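Asks: Just passing along the structure, written as structure tokens.
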Amino acid sequence: MSDSIKKVSIIISKGSLEGIYPGLIMANGARAEGIEANLFFTFFGLDAINAKRLDRIKVAAVGNPGMHMASLLGVLPGMSAIATHMMQKKMEAFDIPGIPEFMEMIADSGCGMYACKASADLFGFSKDDFIDQVQDIITVGEFYLKAAGGEIIFT
Amino acid sequence: MSDSIKKVSIIISKGSLEGIYPGLIMANGARAEGIEANLFFTFFGLDAINAKRLDRIKVAAVGNPGMHMASLLGVLPGMSAIATHMMQKKMEAFDIPGIPEFMEMIADSGCGMYACKASADLFGFSKDDFIDQVQDIITVGEFYLKAAGGEIIFT
Amino acid sequence: MSDSIKKVSIIISKGSLEGIYPGLIMANGARAEGIEANLFFTFFGLDAINAKRLDRIKVAAVGNPGMHMASLLGVLPGMSAIATHMMQKKMEAFDIPGIPEFMEMIADSGCGMYACKASADLFGFSKDDFIDQVQDIITVGEFYLKAAGGEIIFT
């Protein structure tokens, strides 16, 4: 009859800065509370674990009214880079680590990290393309087995 | 062994009209069924509780194939405003309230409303920036404590 | 005290190719494991069950940094179509079916399919606008009743 959350299985499906951070923050917060946590990367979320790309993840400045920029400005080349730089500066000021450091920190805290097999196949990635913290490439069925007994959070 | 849902913890993470409504509709529907409900606003979702911004929330006309408009049109200044106006007209016709009224109605029905501390810090918001219905700014750990025993829905 | 997942209730709220597939893949994977599964289509996700539109669903090439294309290119008419074509070619190569075939396959496996009443009203759709696999148009309250005893996954 325990009421506390035992486990969270967080799926990261987007490849933008603002698409990746919420899942990382929720995984980090779970581990800090002693909650079992696993991260699953699927679709464009695979960029977060791609050794060649995770340094270059950007804010989606276009099509994001939350950015408070005219769409017309959003499409000028470089605007996404400027928005990303602004957000990174703010994150530093609040001791929020960059994505590569954050991933390492979260893995060190005992959070599992897995890539989705269907997505890895689709984009032609193998385990060698991913950062060392990724333990395995798993199927949807294996995901459900790991997620049992906890909350599934699709971000 | 009860089978019914006891509680929903709904996270709103996007700042566009179509990013905010689904969470509000799910919170409203939960309260109507007597289900305990709490709303958590994070990242660009903070716009929904920002006293200065919630009147100006717009549809993300660009990058949204569901809008059935050519992307080229989407970036002309004002297209997002037109799409927003069209959607608001339709919502009025079906008695779906605007965001400020909807937020008030949902809070009055007993739904809790909370802002995410990490996001509020990042964007430089304090409790004074939020509408009165927001009860508190809380950490991810506090979120998990409140969410225990129910479903977490990240929108 | 069983630990395995008994049921998943998957909400599809986006109308782009990359917004629809994750939910379909998760529903398909659940049925393959013998897990009860229901799909709920809301907001722009209604395009996935719209008999006239589901053949023309496209990748959201603009505002999607995960596509690795300059935003400026993204807004040229046709880029979204090119990105969609590229992704469809890859999907074929990995035996991932197109959306209409996938929907049929998932329904045949015993997955329920429902449209959200508030969204159907908003966009002016009735049951005749949807593919035959859609069993009913239901309210949020009815959704919670169907979802009880399982995981809710909002995609």
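Asks: Hey, for C:GLY110 with labels 7 Å out along Cα-Cβ, what do the inter-copy distances come to in nm, ordered shortest first?
Replies: 3.7, 3.7
Asks: To continue, here is another question. Other chains' Cβ within 10 Å of B:139-151 residues: what's the mean? The partial results should precede the final answer.
Replies: Values: counts 4, 9, 7, 2, 5, 10, 4, 0, 5, 7, 5, 4, 11.
Mean shielding by partner chains, rounded to a whole number: 6.
Asks: Moving to a separate point now. Using a 10 Å cut-off on Cβ to Cβ distances, tally the other chain neighbours for every residue of C:31-43 and report the average as a whole number.
Replies: On the way: counts 0, 4, 7, 1, 3, 0, 0, 0, 0, 0, 0, 4, 6.
Averaged over the peptide's residues, the number is 2.
Asks: Once amide H atoms are placed 1.01 Å from N in the peptide plane, what residues at a sequence separation of 5 or more from B:ALA115, or on another chain, have their amide H within under 5 Å of its amide H?
Replies: Placed amide hydrogens put B:PHE41, B:ASP136, B:ILE137, B:ILE138 under 5 Å from B:ALA115.
Asks: Could you run the Karplus curve 6.51 cos²θ - 1.76 cosθ + 1.60 with θ = phi - 60° over the range C:111-127 and give me ³J(HN,Hα) per residue in whole Hz, x for Gly and Pro?
Replies: 7, x, 9, 9, 9, 7, 5, 4, 5, 4, 4, 4, 8, x, 9, 10, 4
Asks: What list do you get for A:MET91, B:MET86 if you sort them by fewest beta carbons within 10 Å?
Replies: Placing the least packed residue first, the sequence is B:MET86, A:MET91.
Asks: If you keep only loop residues by DSSP, which chymotrypsin sites (Phe, Trp or Tyr not before Pro) in the range C:80-138 have at most 14 other Cβ atoms within 10 Å of their Cβ? Before the final figure, lay out each step's value.
Replies: Values: sites: C:PHE94, C:PHE102, C:TYR114, C:PHE123, C:PHE125, C:PHE130; in loops: C:PHE94, C:PHE125.
Listed in order of number, the matching sites are C:PHE94.
Asks: Could you go through the range B:36-41 in sequence order and give the Karplus-derived ³J(HN,Hα) for each residue, using 6.51 cos²θ - 1.76 cosθ + 1.60 with θ = phi - 60°, rounded to whole Hz, and x for Gly and Pro?
Replies: Those phi angles translate into 4, 9, 9, 10, 10, 9 Hz.
Asks: For each pair in B:LYS90/C:LYS127; A:LYS14/B:LYS6; A:LYS117/C:LYS6; B:LYS6/C:LYS127, compute the distance between the two Cα atoms and list the pairs where it is over 27 Å. Walk me through the intermediate numbers first.
Replies: Details: B:LYS90/C:LYS127 19 Å; A:LYS14/B:LYS6 30 Å; A:LYS117/C:LYS6 23 Å; B:LYS6/C:LYS127 31 Å.
Flagged as over cut-off: A:LYS14/B:LYS6; B:LYS6/C:LYS127.
Asks: Sort B:LEU17, B:LEU46 so that the residue with the fewest other Cβ atoms within 10 Å of its own Cβ comes first and the one with the most comes last.
Replies: Values: B:LEU17 21, B:LEU46 25.
By the 10 Å Cβ count, ascending: B:LEU17, B:LEU46.
Rule-based calculations on the coordinates, nothing more; no lab input. Predicted model only: the values in this text are computed from it and were never measured. Cβ sites come from the backbone with ideal geometry, for glycine too, and all protein chains shown count toward neighbours.
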